[in-house]
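Written below as structure tokens is the structure these notes are about.
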Amino acid sequence: MFSHAPVMINESIDSLVLNKSGAYLDCTFGLGGHSKEILKRLNSEGTLNSIDQDQMVIKYAKKIRDPRFKFEYSKFSRIGELFINKKFDGILFDLGVSSLQLDDPSRGFSFQKNGKLDMRMDQNDKVSALEWVNKAKEKELADIFYYLGEEKKSRLFAKRVIEKRRTKLIESTEELAEVTYVGKKFRNSKKHPATNIFRAIRIFINNELEEIKKALQASIDLLQDKGRLVVISFHSMEDRIVKNFLKGKLENQENTNSIKIIGKIIKPSREEINLNARSRSAILRIGEKISG
């Protein structure tokens, strides 16, 4: 049902797996593309733990029958608790929304596929996009659109949400996208006008930025000396957090001198972008834990 091309798979795993007998952690299993490639690179002594907060992923993880592999259903901000007595040679994060979520209309993530609004990556979370969009006050809507979506028309779109829900609840992705159809200008734009507000709501509902900060902080204590941290991000806010973390400049960051940047940022090749348009905004950054 779902097609999935793991982004920068060779670049990420080449940077991650330096010890074929090592222990590795994939914090965003998704449909398992990166995890399967890690297992291919390991010998019989190597091990891989993978986690994901999406319940739909469990059935795909169960298909990997390999004694070197273990899966756990969890948010990645909990890695410090999950692996308290374990050290890894490499930890991988493939941030953002997955194909599994985007391509399923029932998950309510995409304005390109009409479905009931939801956007919860973890279906056990209490508040869905449908509930929040129909209850939030105008200022809260505008602030989320502006700060998490970097949307310049945040106030206008917030006002239109309020106007629209006066007559009917906004229940579908199509109905939410309609609030951004202002004038004819957007038709000539490469970017859909609803892109920013959908991203903003998704980030808010899943508390994504705080999740990333917590997980990155926890990763330091879980890495062996000279262990690799490999992170693929897909938009400027994610990447800014990763970049600041690797530089030891993240707000309230502990262990600021515990990791160093390896090489320059890596972006997908033109060939990959042509084959997988979703990879076009990806940025890969690599860090290494400093010995001692």
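Within region 94-123, being charged (D, E, K, R) and over 11 Å from the mean Cα position of the chain (by Cα) holds for ASP103, ASP104, ARG107, LYS113, LYS116, ASP118, ARG120, ASP122.
Condition check ((1) within 30 Å of SER74 (Cα to Cα); (2) at pLDDT 95 or above; (3) outside any helix (DSSP H, G or I)) across all residues:
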position: ALA158; (1), (2), (3): no, yes, no
position: VAL161; (1), (2), (3): no, yes, no
position: LEU169; (1), (2), (3): no, yes, yes
position: GLU175; (1), (2), (3): no, yes, no
position: GLY183; (1), (2), (3): no, no, yes
position: ARG187; (1), (2), (3): no, no, no
position: LYS190; (1), (2), (3): no, no, yes
position: PRO193; (1), (2), (3): no, no, yes
position: ARG202; (1), (2), (3): yes, yes, no
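One residue stands out in region 268-292 among those that are surrounded by fewer than 14 Cβ atoms within 10 Å (Cβ to Cβ) and out of contact with any Asp or Glu (no Cβ under 8 Å at 6 or more places or on another chain): the one that is modelled with the lowest pLDDT, namely ALA277. Give me a count of the residues in region 225-267 that are surrounded by 16 or more Cβ atoms within 10 Å (Cβ to Cβ), more than 17 Å from the chain's Cα centre (by Cα) and not in a loop (DSSP other than H, G, I, E, B). So the answer is 5.
Figure legend. Inter-residue proximity from region 46-65: first residues touching a residue at least 12 places away in the same chain (Cβ under 8 Å), second residues aromatic (Phe, Trp, Tyr) and part of a helix (DSSP H, G or I), beta-carbon distance below 7 Å, spacing 6+ or different chains. Indicated pairs: ILE51/PHE76.
Within region 94-115, is even one residue part of a strand (DSSP E or B) and surrounded by 15 or more Cβ atoms within 10 Å (Cβ to Cβ)? Break it down into steps so the answer makes sense when it comes.
Taking region 94-115 as the starting set, the residues that turn out to be part of a strand (DSSP E or B) are 94.
Those still in the list that are surrounded by 15 or more Cβ atoms within 10 Å (Cβ to Cβ) too: 94.
Within region 94-115 (the criterion being part of a strand (DSSP E or B) and surrounded by 15 or more Cβ atoms within 10 Å (Cβ to Cβ)), the answer is yes, since at least one residue qualifies.
Only one entry of LYS153, LYS87, LYS116, LYS139 meets the criterion of being farther than 27 Å from ARG240 by Cβ and either of a type in the set (Phe, Trp, Tyr) or outside the structural domain of LEU16 (by TED's automatic domain parsing) (or both), and that entry is LYS116. Of all residues in region 1-24, those that are assigned to a loop (DSSP other than H, G, I, E, B), modelled with pLDDT under 95 and not small (Gly, Ala, Ser) total 6. Restricting the search to region 116-156, which residues are among the polar types (S, T, N, Q) and either at pLDDT below 95 or in a helix (DSSP H, G or I) (or both)? Selection gives GLN123, ASN124, ASN134, SER154.
Being of a type outside the set (A, V, I, L, M, F, W, C), out of contact with any helix residue (DSSP H, G or I) (no Cβ under 7 Å at 6 or more places or on another chain) and surrounded by 20 or more Cβ atoms within 10 Å (Cβ to Cβ) is true for just one of GLY22, GLY32. Which residue is that? Break it down stepwise before answering.
Details: GLY32 fails: out of contact with any helix residue (DSSP H, G or I) (no Cβ under 7 Å at 6 or more places or on another chain).
Residue meeting the stated conditions: GLY22.
Which of the residues belonging to region 47-65 are within 24 Å of ASP89 (Cβ to Cβ) and buried (at least 19 other Cβ atoms within 10 Å of the Cβ)?
Once the filter is applied, which keeps residues that are within 24 Å of ASP89 (Cβ to Cβ) and buried (at least 19 other Cβ atoms within 10 Å of the Cβ), region 47-65 yields THR47, LEU48, ASN49, SER50, ILE51, ASP52, GLN53, VAL57, ALA61.
Looking only at region 71-87, residues that are in a loop (DSSP other than H, G, I, E, B) and either over 17 Å from THR28 (Cα atoms) or hydrophobic (A, V, I, L, M, F, W, C) (or both) come to 5 in all.
The values are calculated or read from the model by the stated rules, or taken from the named source; none is laboratory data. Remember, predicted model here, so these are calculated numbers, not experimental data. Counting neighbours? That spans all protein chains shown, and the Cβs are built from the backbone with ideal geometry, glycine included.
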